[in-house]
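All remarks here apply to the structure that follows.
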Amino acid sequence: MLSHIIALVVSLISVSAAPSNQRIVNGTDASIEDYPFMISLRSSSGGHSCGGTILSQLWILTAAHCVHETMTPASASIQVGRTEISRPVDESVYEIELVIIHPEYNTSYSFVNDIAVFKLKRPLEFDETVQPVRLPSSCFEVPHMNPEVTLIGWGLNEDAISQTILQQVDYYVVPNEACDAIHFNQIFPQQICAAYPGGGKGQCNGDSGGPLLHNGIQVGIVSWSIKPCTIAPYPGVLTKVSHFIEFIYQHTDLEPTLSSFTECSQSPLQIN
């Protein structure tokens, strides 16, 4: 059965490279009104470095590698409510107070547990362009019969230029078993893979930390991909948000909506 899945996935994502006449790697312009939970994580210079999503008025969700070692609360900020991001500091820019990285984040082993949350110094003001993201239930899996997802971000386009206008791209979830068989690095149950048929579209540098959405719910956080970006047949690899619901609720001010948390299987996949 696995061999059939792998053959299908490879045929979908390695037929041919998609034409390179659009943007981010071949995305299209998006509006913050459609994705009001999206934020730009800014470096000390004010330039965009990663994406992220709003959890509450004080807490933001992103990838651990976006804030690991190189970023301190004093050296970074976020910009919210903007389709077009910019360097100047105005009312859309918020300073960071506290960063919490998943304690089992591993940079040397497939970037597993690549997730972090951080707290803002002052609360966000919610309006039509600033709203919290919707989270999945514990252990939720995107169904194989409905694999369509959407990726958004300000990452590099095919010319290695960061976008200032928010971009979106339609993607498809690749089953973990097939993704693991294609990649050199092992894929874990707490990761989710996605690709575009034929390659040529998807995540790149600067999209890290941003969301993968399924029916408006954040199911992934951009983690890593083979370079050059979007090359077939390698799917992008993201952190599977549904496996970290307990971590998110434990370290933020979100009120749990579930009476208990389901413990998801975290054992590495065994591919024969």
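Which members of the range 82-98 meet the condition of being under 24 Å from Ile32 (Cβ atoms) and assigned to a strand (DSSP E or B)?
Passing the criteria: Glu84, Val93, Tyr94, Glu95, Ile96, Glu97.
Applying the selection to the range 107-135, what residues are farther than 19 Å from Asp34 by Cβ and outside any strand (DSSP E or B)?
Correct list: Thr107, Ser108, Tyr109, Ser110, Phe111, Asn113, Asp114, Ile115, Lys121, Arg122, Pro123, Glu125.
Does the range 165-220 hold any residues that are of a type in the set (S, T, N, Q), modelled with pLDDT under 95 and farther than 24 Å from Trp154 by Cβ, and which are they?
Matches in the range 165-220: Asn176, Asn185, Gln186.
Given the criteria open to solvent by less than 30 Å² (accessible area, probe 1.4 Å) and more than 30 Å from Ala74 (Cα to Cα), does Pro175 qualify?
yes
For residues that are assigned to a loop (DSSP other than H, G, I, E, B) and modelled with pLDDT of 95 or more, scanning just the range 54-70, find the one that is most open to solvent (accessible area, probe 1.4 Å).
Checking each candidate, the answer is Gln57.
Considering each residue of the range 84-108, count those that are touching a residue at least 12 places away in the same chain (Cβ under 8 Å) and touching a strand residue (DSSP E or B) at 6+ places or on another chain (Cβ under 6 Å), and give that number.
Residues that pass the stated criteria total 12.
Just wondering, is there one or more residues in the range 14-29 that are modelled with pLDDT of 80 or more and not acidic (Asp, Glu)?
Yes.
Could you say whether any residue in the range 34-50 is acidic (Asp, Glu), surrounded by 20 or more Cβ atoms within 10 Å (Cβ to Cβ) and at pLDDT 95 or above? Steps first, answer last, please.
Just the residues of the range 34-50 that are acidic (Asp, Glu), to begin with: 34.
Narrowing the set further to residues that are surrounded by 20 or more Cβ atoms within 10 Å (Cβ to Cβ) leaves none.
No: zero hits.
Restricting to the range 120-152, give me the number of residues that are more than 23 Å from Asn215 (Cα to Cα) and surrounded by fewer than 19 Cβ atoms within 10 Å (Cβ to Cβ).
Of the residues in the range 120-152, the ones more than 23 Å from Asn215 (Cα to Cα) are 120-125.
With surrounded by fewer than 19 Cβ atoms within 10 Å (Cβ to Cβ) added as a condition, the list becomes 121-123, 125.
Qualifying residue count for the region: 4.
The values are calculated or read from the model by the stated rules, or taken from the named source; none is laboratory data. Note that this is a predicted model, so its numbers are computed, not measured. Cβ coordinates were reconstructed from backbone atoms using ideal geometry, including for glycine residues, and neighbour counts include every protein chain displayed. Each accessible area value is taken on the protein alone, full model and side chains, heavy atoms only, with ligands, DNA and RNA left out. Shrake-Rupley method; radii C 1.70, N 1.55, O 1.52, S 1.80 Å.
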